[in-house]
1. When Leu84 is evaluated against the numbered criteria (1) under 19 Å from Arg17 (Cα atoms); (2) surrounded by fewer than 15 Cβ atoms within 10 Å (Cβ to Cβ); (3) not basic (Lys, Arg), which criterion, by number, is the only one it fails?
2. Considering only the range 26-72, state which residues are assigned to a strand (DSSP E or B), within 15 Å of Gln89 (Cα to Cα) and of a type in the set (A, V, I, L, M, F, W, C).
3. If you go through the range 108-124, how many residues are surrounded by 16 or more Cβ atoms within 10 Å (Cβ to Cβ), part of a loop (DSSP other than H, G, I, E, B) and out of contact with any Leu (no Cβ under 9 Å at 6 or more places or on another chain)?
4. Which number in (1) β-branched (Val, Ile, Thr); (2) over 15 Å from Ile28 (Cβ atoms); (3) in contact with a Gly (Cβ under 9 Å, 6 or more places away or on another chain) marks the one condition that Ile112 misses?
5. How many of the residues making up the range 20-49 are under 19 Å from Pro106 (Cα atoms) and loosely packed, with under 13 Cβ neighbours inside 10 Å?
6. In the range 1-25, how many residues are on the phi < 0 side of the Ramachandran plot, under 10 Å from the mean Cα position of the chain (by Cα) and in a loop (DSSP other than H, G, I, E, B)?
7. Which of the residues that make up the range 88-107 are under 20 Å from Gln35 (Cβ atoms) and assigned to a loop (DSSP other than H, G, I, E, B)?
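Computed from the coordinates by the stated procedures, all read-outs in this text should not be read as laboratory data. Small disclaimer: the values here were computed from a predicted structure and weren't measured. Please note: Cβ atoms are built from the backbone with ideal geometry, for glycine as well, and neighbour counts cover all protein chains shown.
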Amino acid sequence: MDTPASFRYTDSHEWVRTDPDGCVTIGITDHAQDQLGELVYVELPDVGRSLARGEACAVVESTKAASDVYAPLSGEVLEVNGALADSPQSVNSSPYQDGWLIRLRPTDPSQIDALLSADAYQAGPGAA
């Protein structure tokens, strides 16, 4: 499974990429999309919504199951990946690039430090 070393991860299989502007991009991991199977629907939060760390903020649905996606950090939703409305399978084919879910402005950037490194994720919840 692909697990970019520069990203941070959660036990519930979300990834976080810190962007140059200090905001973060969030999605689900390659492991998560593999376990779900082909996605057929993605429900994303409204832009401007305030999220608390650990709050369910999106839903990804496959032919097998629907799963909540949890906010890895507290913050304000700046942008959602609107392209997923027409092509939710982008999460399967490109979970770390085209399949991103939301961009967030963290209210407490230090929360990133509590997330898992790629090595810790691969050794724990992301173990294949």
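1. All conditions are met except number (2).
2. Answer for the range 26-72, where residues must be assigned to a strand (DSSP E or B), within 15 Å of Gln89 (Cα to Cα) and of a type in the set (A, V, I, L, M, F, W, C): Ile28, Leu39, Val40, Val42, Val59, Val60, Ala66.
3. Here the count works out to 0.
4. Ile112 satisfies every listed condition except (3).
5. Qualifying residue count, the range 20-49: 5.
6. 2
7. Passing the criteria: Pro88, Gln89, Ser94, Pro95, Tyr96, Gln97, Asp98, Gly99, Trp100, Leu101.
Rundown of residues vs (1) under 15 Å from Arg17 (Cα atoms); (2) surrounded by fewer than 19 Cβ atoms within 10 Å (Cβ to Cβ), yes/no style:
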{"residue": "Cys57", "(1), (2)": "no, no"}
{"residue": "Ala65", "(1), (2)": "no, yes"}
{"residue": "Val77", "(1), (2)": "yes, no"}
{"residue": "Gln97", "(1), (2)": "yes, yes"}
{"residue": "Leu101", "(1), (2)": "yes, no"}
{"residue": "Pro106", "(1), (2)": "yes, no"}
{"residue": "Gly126", "(1), (2)": "no, no"}
